[in-house]
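Shown next, in structure tokens, is the structure this report addresses.
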């Protein structure tokens, strides 16, 4: 089986992906700035901006990044250094080593508050944060590479093991943590914001399919294609947790997008996606 290097392999998505690829029989190598647990796959502790060597690697899935929108607004230089310089470093090392393919974790944030909903890959890119800018630059760097690449524009990924501390896409774990502590869920804004949630189990299967697929597009949305407002999310959680307290509302955060729902027709025509996990089931 091919060897796959996963940058950010000890993160939320990275850990799920490494486990899935390992179970499929791939030789998996996790590269991360810190590994805290032991795993049956190989782990390399390094910064993606280091002078790296990827000899013998067939595929790279580049997940490592500074992922918080608020953090990117407060510290744009750090975000651009990790997300842009780090991606340049990964591409350079991959080209020298003759890696066959790079799959890049981009983001729905590149679209900003798009007027066309659902959002297709042809929509204009209107970044509203340094984080979004860093992902657009990353996509462009990949397009200029001599290696086959595909930038997967993740919408709101959720599932077991996701951090509940801040971050743009962490609304579900933040709400679930509040419920477990007997506290109110905090909604930033009026709750009418719409998100497209995709379970991490579906996501890693899609990434694995990309490794074997031929003629991938340069960019592709990865989502469920279903929009859910934050108020609807609270209602669903309330159905699963009748004891939960009513939510409280706070001021909308800078850089947050109001409506983010994907057109996934390209995804469905490119890969054998199958039936995705419904939100209620994924939250259970």
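Derivation of every value follows stated rules applied to the coordinates shown; laboratory data play no part. Predicted model only: the values in this text are computed from it and were never measured. Please note: Cβ atoms are built from the backbone with ideal geometry, for glycine as well, and neighbour counts cover all protein chains shown.
How much length, in nm to one decimal, is gained on full extension between residue 37 and residue 245, taken as 0.36 nm per residue of separation minus their Cα-Cα distance?
71.4 nm
Just to confirm the number: angle between the C-alpha axis of helix 200-212 and the first principal axis of the chain, 0 to 90 degrees, nearest 10?
Taking Cα atoms only, the helix is inclined about 20 degrees.
If each DSSP helix of 4+ residues adds -39,500 (n - 2.57) and the sum is divided by the residues in the chain, what number results at 222 nm, nearest 500 deg cm²/dmol?
Result for the chain: -9500 deg cm²/dmol, rounded to the nearest 500.
Cut-off 10 angstrom, C-alpha nodes, Gaussian network model of the chain. Which of 274, 138, 161 fluctuates the most?
The residue that fluctuates most here is 274.
Which one of 249, 54, 155 has the biggest mean-square fluctuation once the chain is modelled by GNM with Cα springs under 10 Å?
249
Given the options 66, 193, 53, state which has the largest fluctuation in a GNM of the chain using a 10 Å cut-off (strictly under) for Cα springs.
Comparing 66, 193, 53 in the GNM, the peak value goes to 53.
Nearest 5 percent is fine: what portion of the DSSP beta bridges confined to the stretch 121-276 is antiparallel?
Once the DSSP bridges in the stretch 121-276 are tallied, antiparallel ones form about 15 percent.
For the residues 48, 33, 136, 96, what sequence is obtained by ranking on other C-beta atoms within 10 Å, fewest first?
96, 33, 136, 48
Can you give the FRET efficiency to the nearest 0.05 for residue 137 and residue 186, using r as the Cβ-Cβ distance and R₀ = 35 Å?
0.65
Most exposed first by the Cβ proxy, i.e. fewest other Cβ within 10 Å, how do 30, 68, 38 rank?
Ascending Cβ contact count within 10 Å gives the list 38, 68, 30.
Using 7 Å Cα-to-Cβ label points, what is the residue 266/residue 163 separation (nm, one decimal)?
2.9 nm
Quick check for you: which residues of the stretch 61-90 have the amide N under 14 Å from the point 7 Å beyond the Cα of residue 254 toward its beta carbon?
Under cut-off, by backbone N: 69-77.
What translational diffusion coefficient, to the nearest whole µm²/s, does the stretch 16-128 have by Stokes-Einstein, given a Kirkwood radius computed over alpha-carbon pairs, a temperature of 10 °C and 1.306 mPa s viscosity?
99 µm²/s
Can you give me the convex hull volume of the Cα atoms of the stretch 200-284, divided per residue and expressed in Å³?
Numbers: hull volume 9.8 nm³, N = 85.
Residue-normalised Cα hull volume stands at 116 Å³.
Test of understanding: what is the full-extension gain from residue 125 to residue 177, defined as 0.36 nm times their sequence separation minus their Cα-Cα distance?
15.4 nm
For a Förster distance of 22 Å, can you work out the FRET efficiency between the beta-carbons of residue 96 and residue 44, rounded to the nearest 0.05?
0.85
Which of 195, 122 has the fewest other C-beta atoms within 10 Å, and how do the rest follow up to the most? Don't skip to the end; give the middle numbers.
On the way: 195 27, 122 9.
In increasing order of surrounding Cβ atoms, one gets 122, 195.
Could you check the spin-label model distance between residue 85 and residue 284? Points 7 Å from the Cα along Cα→Cβ, value in nm.
Computed distance between label sites residue 85 and residue 284 equals 4.8 nm.
How much of the DSSP bridge set in the chain is antiparallel, in percent, rounded to the nearest 5?
Around 5 percent of the beta bridges assigned by DSSP in the chain are antiparallel ones.
What do you get when you divide the Cα radius of gyration of the stretch 70-227 by 2.2 N^0.38 Å, with N the number of residues?
1.11
Please list, by residue number, everything in the stretch 60-93 whose backbone N is under 17 Å from a paramagnetic label point 7 Å out along Cα→Cβ of residue 148.
Only 60-62 pass the distance filter.
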